[in-house]
Amino acid sequence: MDSKVQALKLALSMIDQTTLEGSDSPGKVKQMCYKAMHLHDALPGLPHVAAVCVYPTMVRTAKEELKGSGIHVAAVATAFPSGQADHETKLLDIKYAISEGADEVDMVISRGHYLNGEFNYVYDEIAEFKSICGDVHLKVILETGELGTLDRVRHASDLALAAGGDFIKTSTGKVQPAATQTVTLVMLEAVRDFYQRTGQRRGMKPAGGIKTAKQAIQYLVTVNETLGSAWLTPDLFRFGASTLTNDILMQLVKESTGVYQSSDYFSQA
Amino acid sequence: MSTTTAEKTAPLQWNYAPAPESVDPKLRKRYDLFIDGKFVPPVEGNYRPSINPARETTLAEVADATAPDVDKAVKAARKAYTKVWSKMSGKERGKYIFRIARLLQERSREFAVAETLNGGKSIRESRDTDIPLAAAHFFYYAGWADKHDYAFPGRRAKPLGVCGQVIPWNFPLLMAAWKIAPALATGNTVVLKPADTTPLTALKLAELIQDAGLPPGVVNIIPGGRPTGAAIVQHPDIDKIAFTGSTAVGKWIQKELAGTKKKYTLELGGKAANIIFEDAAIDQAVEGIINAIFFNQGHVCCAGSRLLVQEGVADTVIAKLKERMATLIVGDPLDKNTDIGAINSREQLGRIEALVATGSEEGAEMWQAPCELPAKGFWFRPTLFTNVSQSHKICRDEIFGPVLSVLTFRTEDEAVEKANNTAYGLSGGVWTDKGAKIFKVTRQIRAGVIWANTFNKFDPTSPFGGYKESGSGREGGWHGLMPYVELE
């Protein structure tokens, strides 16, 4: 049972609690931030999530709410989710997110250019975004659901890592299929091979579609088996998810009390 | 956790908790011989312990059949053949076989635990491979029982009579299914001898056959050692011998049967080449190599025990292979996390150790996974030999253990030549991204089963069997009916 509880707590600490809706408002973001800091007060000894993930316009609100908590604020940028904007607009988008205080930027690659074979364009874009980010963590969303084949997923992963992405990330959550275990395995293999070539540890973030504690544990096993325990930290692995948190909390409460509680007892984010 | 990007969180050292399968395997303390629908004590009264190779503890006492018991079993089988089974319609026979298949499915977890306890293989494999495939085999051949007119249009397929079947210890229940299912479907009766180290699931199958209400004598199961097997092979009233096991015994059987009317099928050893071309998906191929050689501790006649890697990717493949081998979980076979279980017997462990010793003596370079092995029981580390030459003993002899020999090649032609340069010809594997190359290469390899971009895939609808010293005859599929019938 110990290893299960360890895994559940680790998974909680790796969550990027996310809201990316057209209807997001400061009120919604404030509520989510409070939840991120107080996952389930009835159960002591819980970690907090790794970050909240919002649109750039919500960064300032989130930063204020999370002050002193140690929780990062991640902003999606570069014409998220489609990436269909001119280069200058994307640069402005990133700069704005950073100026608002984002600790992390989740960018999308230009799938149109990628699928058209313009790999240099995609590479240069990532490299330039990273140079603007500096110490701000850059996560590169490949939107694997639009890439079509695992060969392309692997190729795009290699490209994003070589261009300087701190993390590679599967999906925006706006396209189906989002994260799958197969795609995640292929991307983890790219991270592993990059580490073996360069000695640099880069991160990985599956996002979208991970809803249950059981799935989260399966992902963690995949990480452990592919990359080893050095990657079992929120610095190198994240879950992009909105509903996963409460399912994990439900399992943790069950492990501690022996019975399942209804979802009514777990506050919504 | 992390307050700034500079501050790092220490990674978790995560050990999986043990997850032992706990279903009761329902083993008796003592097993008699299953003859004529009943469990009867052996004529000479000998029993021997059947052990758990992972713990060296006794699981049950099992009767040891001798020549008089074989004779009783053959008489029962003959009577059942003449009076009942050969006269029954295929449709009715099929109902019995379907019943065996369903009962096996219903009790699959119980059989899986028994198989793992007695044979040492991981519960992951017995649960996901052995038992489901055994049930699938019964289902498949049950379907053929009333379709002989479609299988052999314009001909009449007559059963042969009494079949003597001798099976190995690597897939005890699955091999029993491979032998019994097609024999019954075609109207034959059976005297089957399970291997001396692993008789328990076959005897549980005998109980299940009783439950299925099969007419007495149609299936007789008599455990014993080599003398029992020899008595079956030499019995004058047996019409067909089906044997799966070592090439040495297979050759002996061929000599014994020369000049008799008995038909035979032999499924013997192998030394399969698993060929990795440089355009293969390497990570996928590495998983395939692991599955090819470490499946069932390498106790697999069709194991991919000779790895042929194209030189351009050899260093990468070997490095990745070592890294993957280091993560294999070796230990308690009942733990659902376990990848590699116990070696089947002390005797087999000795054989593996002796052959591995010749590898180092002849100059091959040995590397072993750094796993911890349990103190009791029979264990062998996943082992890799590089710098192997075609003439090394480890490259020519079947080791039948978790030991992989790696050779390199430069061109397609060289790969084919090396793959075929063996006394065996049971199976093979090819890994490449090019469909055309798959067809070109596989057509030139002299082996009964060749997998492309996968390995060790089994299905009852697919024929299985060898070229050269790997045996003769096919089991599985439509082809598997042929060795059990005479066509008129």
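The numbers here are math on the coordinates, done by the rules we state, and not lab data. What you see is a predicted model, and the numbers here were worked out from it, not measured in a lab. All Cβ positions, glycine included, derive from the backbone under ideal geometry; neighbour counts span all protein chains shown.
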Item checked: Cβ-based charge dipole, the protein assembly as shown, positive-most Cα from B:Thr66, A:Leu236, B:Pro168 -> B:Thr66
Item checked: Packing-based exposure ordering (other Cβ within 10 Å, fewest first) of A:Val183, A:Val5 -> A:Val5, A:Val183
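How would you classify region B:354-426 from its alpha-carbon gyration tensor, with a ≥ b ≥ c the square roots of the eigenvalues: rounded for a/c under 1.5, else prolate if a/b is greater than b/c, otherwise oblate? Working shown, then result.
Details: a/c = 2.26, a/b = 2.00, b/c = 1.13.
Taking the square roots of the gyration eigenvalues as a ≥ b ≥ c, region B:354-426 is prolate.
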Notebook entry, point to check: Summing -39500 (n - 2.57) over the DSSP H runs of n ≥ 4 in chain B and dividing by its residue number, what mean residue ellipticity at 222 nm do you reach, to the nearest 500 deg cm²/dmol?
Noted result: -11000 deg cm²/dmol
Check: Which peptide among B:146-154, A:219-227 comes first, and what is the full order, when sorted by highest mean count of other Cβ atoms within 10 Å?
Finding: A:219-227, B:146-154
Check: Applying the Karplus parametrisation 6.51 cos²θ - 1.76 cosθ + 1.60 with θ = phi - 60° to the phi angles of region B:119-129, what ³J(HN,Hα) value in whole Hz is obtained for each residue in order, glycine and proline being reported as x?
Finding: x, x, 6, 5, 5, 4, 6, 5, 6, 9, 10
Notebook entry, point to check: Where q = 0.05, 0.08 Å⁻¹, what log10 of I(q)/I(0) comes from the Debye formula for the protein assembly as shown, counting one point per Cα?
Noted result: -0.33, -0.76
Checklist line | Per-peptide average of other Cβ atoms within 10 Å, ordering B:465-477, A:232-244, B:437-449 highest first | finding: A:232-244, B:465-477, B:437-449
Checklist line | Bins of 5 Å from zero: percent of alpha-carbon pairs in region B:29-115 | finding: 3, 12, 13, 15, 18, 18, 14, 5, 2, 0
Checklist line | Cα-projected label distance for B:Glu412 with A:Tyr96, points at 7 Å along beta-carbon direction, nm | finding: 5.6
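Classify region A:92-221: rounded, prolate or oblate, from the alpha-carbon gyration tensor (a ≥ b ≥ c, eigenvalue square roots; a/c under 1.5 rounded; otherwise prolate if a/b is larger than b/c)? Mind dumping the intermediate values first?
On the way: a/c = 1.37, a/b = 1.26, b/c = 1.09.
Here region A:92-221 falls in the rounded category.
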Next item on the list: State, to one decimal in nm, how far the label point of A:Thr198 lies from the label point of A:Lys30, with both points 7 Å from Cα in the Cβ direction.
Entry: 4.2
Notebook entry, point to check: Expressed as cubic angstrom per residue, what is the convex hull volume of the alpha carbon set of region B:310-413?
Noted result: 116
Next item on the list: Mind giving me the nanometre distance, one decimal, between the label points for A:Lys211 and B:Ala151, set 7 Å out from Cα along Cα→Cβ?
Entry: 4.7
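Please arrange A:Met58, A:Met250 by how many other C-beta atoms lie within 10 Å of their C-beta, fewest to most.
Ranking A:Met58, A:Met250 by Cβ neighbours within 10 Å, fewest first, gives A:Met250, A:Met58.
Once fully extended, how much extra length lies between B:Ala436 and B:Lys87, figured as 0.36 nm per residue of separation less the alpha-carbon to alpha-carbon distance? The partial results should precede the final answer.
Numbers: separation 349, 0.36 × 349 = 125.64 nm, distance 5.00 nm.
Computed gain between B:Ala436 and B:Lys87 is 120.6 nm.
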Checklist line | 38 Å tail of the calculated P(r), chain B, as % of Cα pairs | finding: 26
Next item on the list: With a Förster radius of 60 Å, plug the Cβ-Cβ distance of A:Lys174 and B:Ser246 into 1/(1 + (r/R0)^6) and report the FRET value to the nearest 0.05.
Entry: 0.50
Notebook entry, point to check: Hey, got the dipole for region B:383-488? About the Cα centre, +1 on K and R Cβ, -1 on D and E Cβ, debye to the nearest 20?
Noted result: 380
Item checked: Folded to 0 to 90 degrees: helix B:131-144 orientation relative to chain B principal axis, Cα -> 50
Notebook entry, point to check: Where does helix B:172-185 land angle-wise versus the long Cα axis of chain B, in degrees 0 to 90, nearest 10?
Noted result: 40
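Can you give the charge dipole size of region B:63-183 about its Cα centre, rounded to the nearest 20 debye, using +1 on the beta carbon of Lys and Arg and -1 on the beta carbon of Asp and Glu?
680
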Notebook entry, point to check: Expressed as a whole number of Å, what is the distance separating the alpha-carbon centroids of region B:47-98 and region A:65-119?
Noted result: 70
Next item on the list: Quick one: give the max-minus-min coordinate of the C-alpha atoms of chain A along each principal axis, largest first, in Å.
Entry: 55, 40, 31
Check: Volume per residue, Å³, of the convex hull around the alpha-carbon atoms of region B:150-283?
Finding: 196
Item checked: Charge dipole magnitude, Cβ of K and R +1, D and E -1 - chain B, Cα centre, debye nearest 20 -> 1780
Checklist line | FRET E, pair A:Ser262, B:Asn420, Förster distance 56 Å, beta-carbon r, rounded to 0.05 | finding: 0.30
Note to self: Between helix A:244-257 and chain A, what is the angle of the helix's C-alpha long axis to the longest principal axis, kept within 0 to 90° and rounded to the nearest 10?
What the structure shows: 30
Next item on the list: Among A:Ser229, A:Ser131, rank each residue by its count of other Cβ atoms within 10 Å, from fewest to most, as a rough exposure measure.
Entry: A:Ser131, A:Ser229
